[in-house]
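The values are calculated or read from the model by the stated rules, or taken from the named source; none is laboratory data. Not measured: the values here are computed from a predicted model. Methodologically, a virtual Cβ is constructed for each residue, glycine included, from the backbone with ideal geometry; neighbour enumeration extends over all protein chains shown. These accessible areas exclude ligands, DNA and RNA; they are computed on the full protein's heavy atoms, side chains included. Shrake-Rupley method; radii C 1.70, N 1.55, O 1.52, S 1.80 Å.
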Amino acid sequence: MHRMRAAAAFLLLLLAFACPAAAHSNRPVASGSGLGFPSASHGELLVLSAYRAEILALARSVVETDPDFRRLMNYAAIEFSYCGWGLAPGAISDESSPFNECSHAYLSAERALLLHMRGMPSVADRAGELASRIDADMVQHGASLIGCVYSGEGFNTADFVTPHWENIWTHAPSAVTAGAAIVFGVVLSAACLVPWPVMRRRMKSS
């Protein structure tokens with residue numbers, strides 16, 4: 001019975017992520033609380049993604065923290081999970097991806113986090129050096145000139161952005177991935193529902 005419940009829960013989770021989520025809006029309502037920060041342009045997003053690991057490693061080495069640091073760090077982590085942990089195809093590079101807006105959210109938060117760390121004594125020098133390298137890379141690639149529909153958007157740590165679930169099936173790479181996830185879920189659920197001794201006998205007989 002516990003296998004059946006686990007399989008059913010897994011399928012429901014897959015369906016929840018593959019279908020439109022009407023109850024949880026992907027467009028945040030403007031909030032007066034939290035910390036506001038600007039969105040990175042589309043070109044800047046592509047450069048920032050290459051430095052994401054370095055920014056987070058630096059943030060984890062901070063000795064002292066403050067409320068703004070914690071807000072940005074927490075927001076970026078939650079948005080990254082909302083955005084499928086960066087696994088959705090074309091989430092950063094493809095403006096039409098249902099995951100592009102939430103990618104703007106977590107990478108813009110991490111950029112704001114880096115800029116904030118320039119004023120934190122324990123990492124100020126390293127944050128400044130990293131920010132300079134990223135800035136030079138952006139200039140080299142003309143990143144600030146490459147915009148998209150979300151480039152002028154602002155974000156707030158009190159307002160989370162979820163993917164555009166309603167567009168999953170009209171974005172081919174996302175539709176293929178979602179379809180494969182559902183098939184995998186069905187197969188895994190079926191495997192969970194069949195007792196292991198029965199499955200082993202069937203495997204031996206085949």
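If R0 equals 35 Å, the separation of the Cβ atoms of GLU95 and ALA124 corresponds to a calculated FRET efficiency of about 0.50. The heavy atoms of ILE78 offer some 50 square angstrom of accessible surface to a 1.4 angstrom probe.
Using the average count of surrounding beta-carbon atoms within 10 Å as a protection proxy, the listed peptides 85-95, 41-51, 63-73 rank, highest first, as 41-51, 85-95, 63-73.
With a simple spin-label model that places each label point 7 Å from the Cα along the Cα-to-Cβ direction, the separation between ARG52 and GLU64 comes to 3.1 nm.
A Förster radius of 22 Å combined with the Cβ-Cβ distance from ARG133 to SER81 puts the calculated FRET efficiency at roughly 0.20.
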